[in-house]
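All remarks here apply to the structure that follows.
A short reminder: the numbers here are calculations on the coordinates, not readings from a lab. None of these values were measured; they are calculated from a predicted model. Using ideal geometry, Cβ is built from the backbone for each residue, glycine included, and neighbour counts are taken over all protein chains shown.
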Ligand code: IPM
Ligand code: MG
């Protein structure tokens, strides 16, 4: 029997708390399916800065490269706000993405029917929302050269970031977009700023060319500003979205609100040989350490790990169903609770989901 080696990188803030629950759920899956998991923890982000002075210690990167999949928590927080830019906690995550060539970030935003009223948006707007945002993750402004700050003698300065994409980078993420759309409702929307940016003009040209290989998928293009509006105006018009790194960062946070809470959103980063799975929500320093964070995004990330890295589709479904059932029964963490709901903590929510996974 193969042993699935999972690198566990909880990171900072609520990353620590929610990742623990996702690991428990995977252990439960191991118990019922007979699959064997081996979990090995490593430091990343602020936790790694504190221990080693670096946000991505070489030992962590080695562990990730040797693993079958990576379960990631979140990185960053006020404690590390003032460290030099190159060793910020966030750089740990950016370096892993680049080193492992994780160029496609899948962020599903699904509005669970029982959570329609948890969204600050109207029921009539969010009901039925089921979007997959595919964000390019290793190019664009995040990594483009030249970048840096020039300080002038008069106290002024000039700072540069570069948005850069090659045909190859656009093509591979576009293909991922079409492949994913093909398994969904066969509608891909490519988001760009083609009326202003030359990078977007190349983006649109390449995506349009790739579309010829996918005649069964309907492709449309939308400008990023218009997309930001459409997402809160009529989110049900979207199926699969593909876009560049920075636009995807912004739009996926916006899409998260359609699902009721950031605490519900998982993600998968794919492309290289090892996939990385992380909740979209970040470290949430305001609630870290209180045991009240919603572990569902991390648990659903574990389900994505089973689906995309280990091809354990039945077990992935089982986790998703367990989450659904627990929500149907009215169990809520603080972020998704209505005024009359009894509020559960992180571990209690984890307990319930583990029980449902075990029971099937
Ligand atoms: C995300 C986060 C990261 C990003 C930060 C933490 C570097 O916002 O995964 O969306 O900007 O990519
Ligand atoms: Mg973000």
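Is the shape of the range 228-289 rounded, prolate or oblate, going by the alpha carbon gyration tensor and its root eigenvalues a ≥ b ≥ c, with a/c under 1.5 for rounded and a/b larger than b/c for prolate?
Oblate, because a/c is 1.5 or more while a/b does not exceed b/c.
Roughly what % antiparallel, to the nearest 5, for the DSSP beta bridges in the chain? So the antiparallel bridges in the chain amount to around 35 percent. Overall, the anisotropy analysis places the range 120-221 in the oblate class: the square-rooted eigenvalues a ≥ b ≥ c of its C-alpha gyration tensor yield a/c not less than 1.5, with a/b not exceeding b/c.
Of the peptides 109-122, 339-352, 251-264, 150-163, the order by per-residue mean of other Cβ atoms within 10 Å, starting with the highest, comes out as 251-264, 109-122, 339-352, 150-163.
Result for the chain in a Gaussian network model with C-alpha springs under 10 Å: among 91, 209, 27, the largest mean-square fluctuation is at 209. How big is the gap, in Å, between the Cα center of the range 302-360 and the Cα center of the range 242-286? Using only Cα atoms to place each centre, the spacing works out to 18 Å. Listed peptides 178-185, 82-89 appear in the order 178-185, 82-89 once ranked by packing, highest mean of other Cβ atoms within 10 Å at the front. Based on C-alpha pairs under 8 angstrom that are at least 6 apart in sequence, the chain has a relative contact order of 22 percent.
Just to be sure I follow: if Rg is taken over the C-alpha atoms of the range 211-330 and Rh is the Kirkwood radius over the same atoms, what is Rg/Rh?
0.99
Roughly how many Å is it from the Cα centre of the range 119-150 to that of the range 47-102, as a whole number? The distance from the Cα centre of the range 119-150 to that of the range 47-102 comes to 21 Å.
Give the shape of the range 51-112 as rounded, prolate or oblate, defined through the alpha-carbon gyration tensor: a ≥ b ≥ c are the square roots of its eigenvalues, a/c under 1.5 means rounded, and otherwise the shape is prolate if a/b is larger than b/c and oblate if not. Cα axes put the range 51-112 in the oblate bin.
When the Debye formula is applied to the Cα atoms of the chain, each taken as the same point scatterer, what base-10 log of I(q)/I(0) results at q = 0.08, 0.11 Å⁻¹? Once normalised to I(0) and log-transformed, intensities are -0.39, -0.75.
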